[in-house]
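The values are calculated or read from the model by the stated rules, or taken from the named source; none is laboratory data. Given the structure is predicted, the values throughout are model-derived calculations rather than measurements. Cβ sites come from the backbone with ideal geometry, for glycine too, and all protein chains shown count toward neighbours. We work out accessible area using only protein heavy atoms, side chains counted, and drop any ligands, DNA or RNA first. Shrake-Rupley method; radii C 1.70, N 1.55, O 1.52, S 1.80 Å.
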Amino acid sequence: MNRVLLKSAGFYGKKGVKAVLVEQGKITALFTPTDPMPGDCQVLDLGNWWVYPGFVDTHTHSFEGGLYSGGVDLTNAGDISEILEKIKAGTEGLSKGENLFVWRFDENRIKERRFPTIAELDSVSSEHNILLRRIDGHSVLLNSRARERVSGLFSREEVLRGKDNDIAMHWFHGSCSEETILRAYHKSAEIGLKGGFSGLHTMIGDADCSNTHYALIRDRLDEFKVDYKLYPQSFNIDSSLELGADRIGGCILADGSIGSHTAALSQPYQGSDSCGNLYHDDQFWLRFVERAQFHNLNVAVHCIGDKAIRQINNAYLNAKGQSGKCFRHQLIHCELCPDDLIEEIAASGAAAVMQPAFDRYWGGEDDLYDNELGRSRMLQMNRFRSLASKGIRLCFGSDWYITELDAIKGIHSAVNHKNPAERIIVNEAIDAYTINAAWLAGTDELRGSIDKGKYADFTVLNRELREGFEIGDIKVVKVIKTGDIVYDGDAVQT
Ligand SMILES: [Zn+2]
Ligand SMILES: [Zn+2]
């Protein structure tokens with residue numbers, strides 16, 4: 001679209017505006033009904049639909065999500081026999097020796113409340129390599145055939161955790177061809193568009209000091225329908241600089257997850273002596289952040305437990321180098337935050353890159369957080385309201401493949417937080433997916449709101465997102481990226 005007048009019922013954040021002019025991919029003028037409209041242009045009339053700045057999911061693992069989408073999804077499995085049946089069906093049509101990825105397994109959601117055994121997986125197939133991964137990505141079970149192929153495992157345990165989980169996944173991801181890798185990113189882009197996103201931040205690499213396919217994607221960014229922002233998910237600063245990155249990290253781990261009891265807590269898990277563990281010491285992170293800052297790189301680190309969040313935030317607070325520069329560092333997940341820690345985060349200026357769907361899955365009474373952490377800490381999880389009230393920038397993401405790539409569900413989860421004290425209003429949730437996401441990427445001058453001079457990235461919904469909206473009432477009808485319609489939904493205009 002070269003010169004198009006986009007008309008609609010409303011534009012987010014622009015009261016009274018009923019049309020915008022898009023030229024060469026940018027917004028060049030905004031019009032209220034009383035303004036004279038340009039006559040010499042194409043008109044795209046969106047009727048009663050509402051236009052938002054293009055939503056951006058600021059934390060995805062799009063390679064894995066795209067890759068796993070072709071595997072077996074256990075979201076609705078009720079017990080082990082059903083799981084085995086689903087896996088059996090998944091192996092049909094595969095040739096001998098092919099890998100089958102089974103994902104979104106959650107032992108707390110099935111009758112037996114345990115992982116299957118290796119013997120059970122073997123009973124389904126000894127001809128394929130089966131990987132069954134826990135929903136949080138922090139543990140994995142392999143059948144015997146796959147396990148024989150993975151070398152260097154530390155533990156004899158059936159379920160692989162920590163380093164062994166990384167080794168197993170590294171083997172699996174390492175066996176993908178370039179074609180498979182590219183297909184996975186295109187698949188995630190497609191799923192992202194349906195979920196209402198014009199942009200996805202994606203972590204690349206496996207936290208094992210490899211930037212495997214960063215260059216592959218970087219050199220093809222124009223080929224993707226969504227605007228990918230790439231993160232070299234690595235500790236290797238030199239290699240990130242060579243790749244031309246302006247940020248480093250992602251789910252490089254300060255700790256693990258609540259479900260796997262590896263998130264680092266200041267007090268033990270409920271009914272246990274364990275406090276989880278910090279994967280590195282304070283000095284390690286301080287040195288890492290200082291080196292990154294010296295090279296002008298923003299840093300992103302996975303931290304879930306209060307002890308891990310404090311450790312990373314302290315590194316951001318205390319790191320020397322490039323004083324005066326405003327870094328856009330990230331506390332990814334940033335889940336368990338007592339009040340004093342929130343004050344410390346406000347002081348460091350780091351952004352909280354959070355996943356509203358985590359509360360939907362695991363928040364509330366008698367669910368994972370309550371059971372593993374106890375009631376008072378459950379109420380300190382995913383504190384959107386408290387963080388935002390202290391001026392901390394909230395950026396939202398799905399952690400896709402962990403949860404769905406779905407902006408509307410994300411916004412709905414944030415405004416319907418199971419702890420009413422931590423609910424935010426609809427516009428705050430929208431900002432977390434738009435202007436705050438643009439700030440995080442360093443592109444807030446060019447994206448993230450509907451303003452003259454900014455790129456024409458839009459998410460078009462069938463109606464306005466208002467307080468009290470229901471998920472089923474809202475449909476993504478179009479996604480527009482730099483003036484081009486990249487997704488055309490099938491919603492009926494109302
Ligand atoms: Zn992640
Ligand atoms: Zn993570």
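Observations
- Of the strands (runs of 3 or more DSSP E) lying entirely inside segment 26-103, the ones with 2 or more residues being open to solvent by 60 Å² or more (accessible area, probe 1.4 Å) and not charged (D, E, K, R) are found at 42-45.
- Taking (1) within 23 Å of residue 255 (Cβ to Cβ); (2) open to solvent by less than 10 Å² (accessible area, probe 1.4 Å); (3) assigned to a helix (DSSP H, G or I) in turn, residue 137 satisfies each apart from (3).
- Each residue in segment 233-256 was checked for being farther than 19 Å from residue 352 by Cα and either touching a residue at least 40 places away in the same chain (Cβ under 8 Å) or within 15 Å of ligand 2 (Cβ to nearest atom) (or both), and 6 pass.
- Test: residue in segment 350-368 that is within 25 Å of residue 250 (Cβ to Cβ), surrounded by fewer than 19 Cβ atoms within 10 Å (Cβ to Cβ) and small (Gly, Ala, Ser): no
- Listed by position, the helices (runs of 4 or more DSSP H) inside segment 195-310 whose residues that are under 23 Å from residue 401 (Cα atoms) number at least 1 are 214-218.
- Of all residues in segment 409-428 being within 30 Å of residue 187 (Cα to Cα) and open to solvent by 10 Å² or more (accessible area, probe 1.4 Å), the one that is farthest from ligand 1 (Cβ to nearest atom): 427
- Among the residues of segment 271-307, those identified as over 19 Å from residue 241 (Cα atoms) and touching a strand residue (DSSP E or B) at 6+ places or on another chain (Cβ under 8 Å) are 279, 302, 303, 304, 305, 306.
- Residues in segment 358-399 that are assigned to a loop (DSSP other than H, G, I, E, B), among the charged types (D, E, K, R) and touching an Asp or Glu at 6+ places or on another chain (Cβ under 6 Å): 383 only.
- Residue-level check: of (1) assigned by TED's automatic domain parsing to the domain that holds residue 199; (2) in contact with a Leu (Cβ under 8 Å, 6 or more places away or on another chain), residue 437 misses just (2).
- Single match in 404, 365, 372 (criterion: more than 15 Å from ligand 2 (Cβ to nearest atom) and within 30 Å of residue 66 (Cβ to Cβ)): 404
- So residue 90, is it among the small types (Gly, Ala, Ser) and closer than 27 Å to residue 200 by Cα: no
- Scan segment 444-494 for residues that are within 21 Å of the chain's Cα centre (by Cα) and among the aromatic types (Phe, Trp, Tyr) and the total you get is 2.
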